[in-house]
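Encoded as structure tokens, the structure appears first; notes follow it.
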Amino acid sequence: MTYPTYTQQQLQLKSIARLKQIYSQIACTVEVSGKRCKDAWITAIASRAPEAMAEYQASKIQKLAPAAPDEQTTAQAELDGFITAQAQAIAPEPLANVEINSNHYQVYAGKQLIAYIAYDHNEFVTQPWLVMVNGEEKFRDTTIFFCS
């Protein structure tokens with residue numbers, strides 16, 4: 001917990017009760033000659049404030065131990081590793097898109113043809129872009145972006 005450093009002018013604007021509170025918060029041990037005099041409290045705080053603030057703050061700082069990873073973080077890391085391993089098993093080489101023309105695309109994994117993306121010219125088709133795998137329709141959408 002930190003406390004602000006007050007200037008002489010700021011302390012002048014505080015009430016005696018607030019000055020006493022500040023005095024006790026910073027663990028000030030300077031003797032106050034006139035307990036009912038505002039200037040006496042301000043002088044005591046001002047004479048002790050920088051060292052007292054530093055000491056007080058150092059005593060209140062808690063060393064935080066590094067947090068142990070929780071179960072969710074561990075489970076997520078395991079899942080990410082599993083997905084990466086599965087992706088490498090299924091498609092060890094990066095996929096490559098080859099544009100035949102503006103309406104036909106082929107997707108290759110290495111040298112093997114994986115999918116064919118085409119534009120369906122039939123009338124009344126609301127999702128003309130389709131993905132074909134092994135001659136079978138697998139997916140349709142309105143834009144090629146979602147099909148690739």
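The values are calculated or read from the model by the stated rules, or taken from the named source; none is laboratory data. Just so it is clear, the structure is predicted and the values come from calculations on it, not from any experiment. A quick note on method: Cβ atoms are made from the backbone with ideal geometry, for glycine too, and the neighbour counts reach across all protein chains shown. For accessibility, only protein heavy atoms count, side chains too; no ligands or nucleic acids. Shrake-Rupley method; radii C 1.70, N 1.55, O 1.52, S 1.80 Å.
Show the residue pairs that are 6+ apart or on different chains and have beta-carbon atoms under 7 Å apart, the first residue being within the stretch 1-25 and at pLDDT below 70, the second being part of a helix (DSSP H, G or I) and basic (Lys, Arg).
Met1/Lys60
Scan the stretch 101-118 for residues that are open to solvent by less than 70 Å² (accessible area, probe 1.4 Å) and within 15 Å of Phe145 (Cα to Cα) and report the count.
8
From Ala40, Ala44, Ala77, which residue is in contact with an Asp or Glu (Cβ under 9 Å, 6 or more places away or on another chain) and at pLDDT 70 or above?
Ala44
Need the failing condition index for His121 against (1) open to solvent by 80 Å² or more (accessible area, probe 1.4 Å); (2) in contact with a helix residue (DSSP H, G or I) (Cβ under 9 Å, 6 or more places away or on another chain); (3) not polar (S, T, N, Q), just the number.
(2)
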